[in-house]
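Some notes on the structure that comes next.
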Amino acid sequence: MKPGEKLISILNRIDGRGYKAYLDLKGSYDFNSFTLFIDHVQRDPFASPSLLMIEIPDHSFPPDLYQNKTRKIALEDYISRSFAEGIKRKVKGRKGSGKSGILRIDQGGQEVIERSCVNINPHILEIRFELGLPARGRRIMGKEAQRLLTQVLPDIVSSSCFYENLHAEEIARHVQCYENAEHIRDQLIREELVAFIATGSILPRESGISPKPLPRAVAFKSPDTLTVSLETADGNLVQGMGIPEGVTLIVGGGYHGKSTLLQAIELGVYNHIPGDGRELVITREDAVKIRAEDGRRIEKVDVSSFIHQPPGIKDTSNFSTENASGSTSQAANIIEALEAGSKLLLFDEDTSATNFMIRDERMQRLVNKEKEPITPFIDRVGELYHEHGVSTVLVMGGSGDYFQEANTVIMMDNYQPRDVTLASRKIAQEMPINRKAEAPGKFHYQKRYPHPESIQPYKGRKLKLDSRGISTLMIGTSMIDLSWVEQLVESSQTRAIGYALYQLTRYNTGPQPSLTVKNVLDKLDEEINRKGLDFLAPPGRKHPHNLARPRRYEIVAALNRLRSCKMNM
């Protein structure tokens, strides 16, 4: 039988019929060099596109390109981008009504993230993608479907999925770029660093809505006193600014690059594609951006180290609210990040609650401590590092009170960093402040135990897990707002978070949960590491095609913002 002949026969038979006749296409089709699987067929041209997969048994990619997890992720990312480029070359717009003719794969952006659309091993290469089966109105366009499935698709597969038809040097560069970043990240803890920004990096982005590098931007240059040399995976040494563990302030005038540097650091938890400018901006993987988040829900969080007996509330060691204030939400965000395992907190004064960050001497004189329930972060930041090993990187352009707490102070001057640590210490000595430390006791928090049945992923009898862009997640009848979870970068991560929350319903069953939040996240990470992202898919949703791996910190952020979620302490 000729390649695709079985498929052509079915399409000829159903041409012009009602759209549901496309259901006859479910199954597998041999194209000699690959096998096409049609896993799910949409029931309407206006519904989400159909789900397809190809398997290539003899892909010819050299084994050294996917010999370990690191290189495998990078190669799979490259193949997904190559497939997307093939679509762009071969498919020009929609063909028919609704989503007719749409052909797409879950291609990444500037970040390289483990995803489910491509899977390679020594025996097989899998590519998962979507196709809007073409229709005029709600009548099948059989000839156009034939063209897409038996001509366009094989051309895309041939040009983008076979090693001999690709640029070997470009593939090697893509894989090496990712591996170099991972190798440097592995050195950070050993070198007692929290982040590394290579000299020559391009930090500014094209615009607020474009993550691409700003053309003709000023390249980053490390100050001599903070310059370190780290080794890349290919044996070369790269120089750049190493931010030490401890309390680091980023200061400087407005519009000089303070927030730009912090944003690069917060997204340095991901590796980036060649040409992004941030290929060697590397942050420890446990970094969490902390901000105020008015209106968010809090479920039984021990915020007593920051908020102590506000009016009408006697006990904040078991604090819950449906509508948190800025300071209370920021306190909860810190505790939740630490509870999940973070040892690196990132702050920007622009998105922080002022009364949570600082309370100066004059305000202390005017408003007695007995009337102020908030312990400002300045009175905990040093203790967090010295007693708990939690480092902080903080953009602070408006208050010098933090100078006496800082281990490192970096001034941004026209997008270039200067080490002003000694100057800031001199100022702190010459201009001492007389504010009183107001922490009522040692920093602490209580562990929480999530109730899995409170996640409620069903709407009636139907499993409801859906993302709407990056910032909105639907779980059952609940909507989770992730707008201020700033280290999410893809809607495919948000979708995967929904699937992860579904999987959490299998843990901690019983009237008295025995697993803490950290235990649950550890268990989930272990299963994903062992089984891959396919593990997240609920029953009946085989071959998930559009998942990108979220970090544990974004998964728990969604859990903490789920309004039905219940916790024990």
Return the pairs, sorted by first residue and then second, in which the second residue is of a type in the set (Ser, Thr, Tyr) and in a helix (DSSP H, G or I), the first residue lies in region 73-102 and is at pLDDT 95 or above, the beta carbons are less than 7 Å apart, and the residues are 6+ apart or on different chains.
Ile73/Tyr178; Ala74/Tyr178; Leu75/Tyr66; Ser82/Ser160; Phe83/Ser160; Glu85/Ser160; Gly86/Ser159; Gly86/Ser160
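Within region 315-340, restricting attention to residues that are more than 22 Å from Glu438 (Cα to Cα) and in contact with a helix residue (DSSP H, G or I) (Cβ under 6 Å, 6 or more places away or on another chain), which residue is surrounded by the fewest Cβ atoms within 10 Å (Cβ to Cβ)? Please lay out each step first, then the result.
Of the residues in region 315-340, the ones more than 22 Å from Glu438 (Cα to Cα) are 320-324, 336-337, 339-340.
From what's left, in contact with a helix residue (DSSP H, G or I) (Cβ under 6 Å, 6 or more places away or on another chain): 336, 339-340.
Working: Glu336: 25, Glu339: 20, Ala340: 23.
For region 315-340, the residue satisfying everything is Glu339.
Take Thr494 and decide whether it is among the hydroxyl-bearing types (Ser, Thr, Tyr), surrounded by 23 or more Cβ atoms within 10 Å (Cβ to Cβ) and not assigned by TED's automatic domain parsing to the domain that holds Ile120. Working first, answer last.
Numbers: among the hydroxyl-bearing types (Ser, Thr, Tyr): yes; surrounded by 23 or more Cβ atoms within 10 Å (Cβ to Cβ): yes; not assigned by TED's automatic domain parsing to the domain that holds Ile120: yes.
Yes, satisfied.
From the list Lys300, Lys343, Lys371, which residue is free of Cβ contacts under 8 Å to residues at least 12 places away in the same chain and either assigned by TED's automatic domain parsing to the domain that holds Ser259 or in contact with a Phe, Trp or Tyr (Cβ under 7 Å, 6 or more places away or on another chain) (or both)? Give the steps one after another, and end with the answer.
Working: Lys300 fails: free of Cβ contacts under 8 Å to residues at least 12 places away in the same chain; Lys343 fails: free of Cβ contacts under 8 Å to residues at least 12 places away in the same chain.
Lys371 is the lone residue from the list that is free of Cβ contacts under 8 Å to residues at least 12 places away in the same chain and either assigned by TED's automatic domain parsing to the domain that holds Ser259 or in contact with a Phe, Trp or Tyr (Cβ under 7 Å, 6 or more places away or on another chain) (or both).
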Say we look at region 40-76 and pick out the residues that are in a loop (DSSP other than H, G, I, E, B) and among the small types (Gly, Ala, Ser); which of these is farthest from Glu170 (Cα to Cα)?
Ala47
Name the residue, out of Glu285, Glu293, Glu266, that is among the charged types (D, E, K, R), assigned to a helix (DSSP H, G or I) and closer than 30 Å to Phe403 by Cβ.
Glu266
Would you call Met479 assigned to a strand (DSSP E or B) and under 25 Å from Ala331 (Cα atoms)?
yes
Have a look at Lys88, Lys95 and point out the one that is over 30 Å from Arg552 (Cα atoms) and in a loop (DSSP other than H, G, I, E, B).
Lys95
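From the list Arg563, Arg461, Arg506, pick out the single residue that is surrounded by fewer than 17 Cβ atoms within 10 Å (Cβ to Cβ) and either of a type in the set (Gly, Ala, Ser) or free of Cβ contacts under 8 Å to residues at least 24 places away in the same chain (or both).
Being surrounded by fewer than 17 Cβ atoms within 10 Å (Cβ to Cβ) and either of a type in the set (Gly, Ala, Ser) or free of Cβ contacts under 8 Å to residues at least 24 places away in the same chain (or both) holds for just one of Arg563, Arg461, Arg506, which is Arg461.
Show me the helices (runs of 4 or more DSSP H) found entirely inside region 134-195 where at least 1 residues are surrounded by fewer than 19 Cβ atoms within 10 Å (Cβ to Cβ) and among the hydrophobic types (A, V, I, L, M, F, W, C). So that I can check it myself, show each step before the final result.
On the way: elements: 142-147, 153-160, 168-188.
Passing ranges, in order: 168-188.
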Out of (1) in a loop (DSSP other than H, G, I, E, B); (2) in contact with a helix residue (DSSP H, G or I) (Cβ under 8 Å, 6 or more places away or on another chain); (3) over 25 Å from Val175 (Cα atoms), what's the single condition that is false for Ser201?
(3)
For residues that are crowded, with 16+ Cβ neighbours inside 10 Å and β-branched (Val, Ile, Thr), scanning just region 421-458, find the one that is nearest to the chain's Cα centre (by Cα).
Ile455
Residues satisfying the stated conditions in region 28-43, i.e. farther than 17 Å from His545 by Cβ and either exposed (fewer than 15 other Cβ atoms within 10 Å of the Cβ) or among the polar types (S, T, N, Q) (or both)
Asn32, Ser33, Arg43
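Against the condition under 23 Å from Ile184 (Cα atoms), in contact (Cβ under 8 Å) with a residue 12 or more places away in the chain and surrounded by 22 or more Cβ atoms within 10 Å (Cβ to Cβ), how does Gly275 come out, does it pass?
Answer is no for this residue.
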I need a count of the residues in region 390-427 that are part of a strand (DSSP E or B) and of a type in the set (S, T, N, Q).
4
Tell me which residues, restricted to region 252-268, are farther than 18 Å from Lys221 by Cβ and touching a helix residue (DSSP H, G or I) at 6+ places or on another chain (Cβ under 9 Å).
Ser259
Filter region 4-39 down to the residues that are within 17 Å of Gly142 (Cα to Cα) and assigned to a loop (DSSP other than H, G, I, E, B) and list them by number.
Gly4, Asp15, Gly16, Arg17, Lys26
For residues that are farther than 27 Å from Lys212 by Cα and of a type in the set (Gly, Ala, Ser), scanning just region 54-108, find the one that is surrounded by the most Cβ atoms within 10 Å (Cβ to Cβ).
Gly101
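The values are calculated or read from the model by the stated rules, or taken from the named source; none is laboratory data. On a predicted model such as this, the values are computed, not experimentally measured, just so you know. Note: ideal-geometry Cβ built from the backbone for every residue, glycine included; neighbour counts use all protein chains shown.
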